[in-house]
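Notes to accompany the following structure.
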């Protein structure tokens with residue numbers, strides 16, 4: 001028997017790419033679909049907003065701008081994506097002291113708070129004694145005193161804290177003027193990691209599991225390879241406690257994750273309410289609505305909400321009574337998949353929605369507050385077709401009236 | 001005669017990039033599936049990989065005139081680092097519990113039925129390998145690149161790639177036999 005058979009069993013064979021998948025990818029990569037705001041512009045806007053709001057010690061990392069300067073001039077390229085530069089969407093703002101009741105929530109005397117670092121979906125309070133506290137929409141995390149700074153690159157810097165959400169805070173050594181970070185393989189593939197410098201500190205909003213930090217010191221650049229696995233683990237470095245807002249906890253978790261991912265569609269999180277959800281399971285689809293016509297879709301895994309997505313771009317399928325706005329799925333074993341559907345219904349008139357797959361299996365959608373959610377297990381692998389092609393939706397009205405749609 | 005990858009890469013304009021996309025999208029998409037065990041995530045990862053390729057095009061020297069080894073490496077890095085931290089990755093990997101989730105027995109049973117079992121088991125083990133071995137496994141065993149191509153893109157000698165693969169196989173075999 002050959003070694004690969006022993007070590008990598010049952011690798012799926014390569015498959016031809018379906019035309020609809022290719023078209024979706026082409027639209028996303030080559031920019032023939034919906035326009036996306038250039039990231040550099042978004043980062044610049046965030047920086048301006050931070051300064052206008054009174055940030056006094058804000059230094060946006062220059063590496064992101066530099067790494068893109070030559071790309072953003074000349075030919076018009078594909079749209080940029082937040083997933084290209086690690087943490088690039090996480091523009092950092094800084095305000096002196098603590099805002100609102102943040103100091104009280106963290107248990108810090110207000111006078112002790114040196115400044116507050118603002119990041120998407122979270123705030124980090126820093127005291128003059130190098131104590132840290134991260135506030136998110138659903139949690140408060142403190143550092144544990146006594147762990148001590150972790151020296152890196154000799155005396156060029158030290159790491160002070162890694163928050164539970166992936167933020168790393170460090171201190172530049174005496175004379176260190178600049179901090180840069182990259183991740184990637186050793187040669188050729190270098191992905192910059194966003195770094196912001198805040199007085200004597202530096203902040204990596206979205207740390208990678210392995211990074212190379214470069215510090216500009218009076219004696220030249222000093223490098224340090226950082227593996228988060230080699231740093232103190234979270235249980236040693238932090239204490240996390242839930243601080244759930246009012247309302248549905250799964251919705252709150254979905255919104256928390258989304259905001260920390262930099263999703264701007266969330267807006268005021270308190271507006272969002274739970275809509276329909278598929279039955280409780282390891283995976284469930286939760287539809288959320290903001291009461292003003294917007295919906296978002298969140299997978300709840302083991303009872304915890306994950307980062308959500310807003311409704312897919314039109315064209316949606318259906319009509320005013322029933323509109324399919326979100327389709328997702330995942331491969332189960334190599335011969336099976338699960339499809340999850342979500343959208344809106346006019347629940348003043350619609351009393352039920354049934355979805356029948358091409359194999360003839362029917363699933364009842366859950367309806368709630370003008371939304372629906374449906375789950376279809378046992379679907380063929382995704383690669384051979386559109387996720388919903390051939391699905392028949394039967395919309396039931398009062399007085400035994402119904403209409404049907406065949407999905408594409 | 002069609003342009004080589006290197007020629008398209010050197011041109012650096014959008015039509016050239018579109019040609020590269022059309023040439024390699026299917027291979028990257030299949031590789032992304034092998035890295036993630038999720039077709040929906042593979043689509044996202046493929047998209048992110050090509051966007052990263054576009055952004056970094058001026059910094060990269062292609063290996064053996066093919067962009068594929070580098071695209072595989074980008075996909076691997078994205079899957080391991082920031083892509084994992086983004087919600088889209090988490091959504092797609094939801095069946096791999098986070099540290100703070102302790103599923104009960106019934107959930108474990110459902111999850112075991114619900115998984116792309118073979119590939120996820122492989123990926124779980126691959127993720128536990130030392131970085132150097134993991135990169136070699138992803139490129140050579142999952143990506144089916146030659147050891148020479150992997151060596152060039154990793155910047156090490158081919159014999160090093162072979163030894164990393166050998167060590168990785170031993171670790172994988174040990175895990176299987178537990």
Single residue of the stretch B:18-42 satisfying the filter (at the interface with chain A (Cβ under 7 Å from one of its Cβ atoms) and more than 18 Å from residue B:123 (Cα to Cα)) that is farthest from the chain's Cα centre (by Cα): B:18
What about residue B:4, is it in contact (Cβ under 8 Å) with a residue 24 or more places away in the chain, more than 7 Å from chain A (Cβ to nearest Cβ) and surrounded by fewer than 21 Cβ atoms within 10 Å (Cβ to Cβ)? yes
For the stretch A:142-158, how many residues meet the condition of being in contact (Cβ under 8 Å) with a residue 24 or more places away in the chain, part of a loop (DSSP other than H, G, I, E, B) and within 25 Å of residue A:104 (Cα to Cα)? 2
Within the stretch B:142-152, is there a residue that is at pLDDT below 75, assigned to a helix (DSSP H, G or I) and closer than 25 Å to residue B:66 by Cβ? yes
Being out of contact with any strand residue (DSSP E or B) (no Cβ under 6 Å at 6 or more places or on another chain), within 14 Å of chain B (Cβ to nearest Cβ) and outside any loop (DSSP other than H, G, I, E, B) is the filter here, so list the residues in the stretch A:261-282 that pass it. A:264, A:266
Within the stretch A:242-266, the residues that are at pLDDT below 90 and either crowded, with 19+ Cβ neighbours inside 10 Å or under 16 Å from residue A:134 (Cβ atoms) (or both) are A:257, A:258, A:259, A:260, A:261, A:262, A:263
Meets criteria (closer than 21 Å to residue A:253 by Cβ, in a loop (DSSP other than H, G, I, E, B) and modelled with pLDDT under 95) for residue A:386: no
What do you reckon, is residue A:245 within 20 Å of the chain's Cα centre (by Cα) and touching a residue at least 40 places away in the same chain (Cβ under 8 Å)? yes
Which one is surrounded by the most Cβ atoms within 10 Å (Cβ to Cβ), of the residues in the stretch B:38-51 that are in contact with a strand residue (DSSP E or B) (Cβ under 7 Å, 6 or more places away or on another chain) and touching a residue at least 24 places away in the same chain (Cβ under 8 Å)? B:38
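The values are calculated or read from the model by the stated rules, or taken from the named source; none is laboratory data. What you are looking at is a predicted structure, and each value in this text was computed from that prediction instead of being measured. Counting neighbours? That spans all protein chains shown, and the Cβs are built from the backbone with ideal geometry, glycine included.
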